[in-house]
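What follows is a short report on a single structure.
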Amino acid sequence: MLKEFYYPEGLEAGCDEAGRGCLAGPVYAAAVILPKGYKNEVLDDSKKLTPHKRNILRIDIEKNALSWAVACCDNTEIDSLNILRASILAMHRALDKLSVKPDRILVDGNRFFRYKSVPHICIIHGDANYMSIAAASVLAKVYRDEYMLRMHTIYNLYAWDKNKGYPTAEHRRAIEEYGVTPYHRKSFLLFKSQLSLKF
């Protein structure tokens, strides 16, 4: 079982993102406030879970959380801001959508920008240690995967139904052969010859 809270008092919103290392599509983030006493033995870092388990957890989290929200920054924002700033902005957008104001924020990783007047704590591998961050990682991953599946129906040459925009060999070969789509991140190294290109 993961840890329930960082501090026993007050409400904690766990935050995490999905899609930071992708070549295409938005970065998604989620914020989740879980109730005291919430238990789920399956809940873990989303990367350790099968899609089936993530989908079951998504239903349970959305049903039982005191508040939850999902938001994103698209690929053009990522290119404009850089991926770190875009990831944090997506987290801020998710926090903006919460119906309950948290007393503090738990963030997976080691970087975050202050959100309003709410104190935050950055925790490396937080999604593998704290329930609220793990829950946020699950929602961010599920919602982003669903988005990339929809995009695959429009751009089916890039195997986004399988790679979800991540830099697999198949995805890179498709970029080399067919070029980039409006959903690719042009600030990322998409293919080797990009070193000599100017966007």
Exactly one of ASN110, ASN82 is of a type outside the set (D, E, K, R), loosely packed, with under 13 Cβ neighbours inside 10 Å and in contact (Cβ under 8 Å) with a residue 60 or more places away in the chain, and that residue is ASN82
Scan (1) modelled with pLDDT of 95 or more; (2) open to solvent by 40 Å² or more (accessible area, probe 1.4 Å) for the single condition ARG172 breaks and write down its number. (1)
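So that you can scan it fast, the table gives a plain yes or no per residue for (1) under 16 Å from ALA94 (Cβ atoms); (2) in contact with a Leu (Cβ under 9 Å, 6 or more places away or on another chain); (3) among the small types (Gly, Ala, Ser):
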{"site": "ILE121", "(1), (2), (3)": "no, yes, no"}
{"site": "ILE133", "(1), (2), (3)": "yes, yes, no"}
{"site": "LYS162", "(1), (2), (3)": "no, no, no"}
{"site": "LYS186", "(1), (2), (3)": "no, no, no"}
{"site": "LEU190", "(1), (2), (3)": "no, yes, no"}
Select from segment 113-141 the residues that are over 12 Å from the mean Cα position of the chain (by Cα) and in a helix (DSSP H, G or I) and write down the one among them that is surrounded by the fewest Cβ atoms within 10 Å (Cβ to Cβ). ALA128
Might you check whether a residue that is touching a Ser or Thr at 6+ places or on another chain (Cβ under 8 Å), surrounded by 24 or more Cβ atoms within 10 Å (Cβ to Cβ), modelled with pLDDT of 95 or more and more than 11 Å from SER132 (Cα to Cα) occurs anywhere in segment 51-62? no
Scan of segment 148-160 for residues that are closer than 27 Å to ALA65 by Cα and surrounded by fewer than 20 Cβ atoms within 10 Å (Cβ to Cβ), ordered by number: LEU149, ARG150
Against the definition (buried (at least 17 other Cβ atoms within 10 Å of the Cβ) and polar (S, T, N, Q)), how does ASN163 come out, yes or no? yes
Based on this model, can you work out whether LYS36 counts as modelled with pLDDT under 95, of a type outside the set (Asp, Glu) and over 30 Å from ARG173 (Cα atoms)? yes
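The values are calculated or read from the model by the stated rules, or taken from the named source; none is laboratory data. Because the structure is predicted, anything quoted here is derived from the model rather than measured. Ideal geometry is used to build each Cβ from the backbone, glycine not excepted, and the neighbour counts take in all protein chains shown. What goes into the accessible areas is simple: the full protein's heavy atoms, side chains included, and nothing from ligands, DNA or RNA. Shrake-Rupley method; radii C 1.70, N 1.55, O 1.52, S 1.80 Å.
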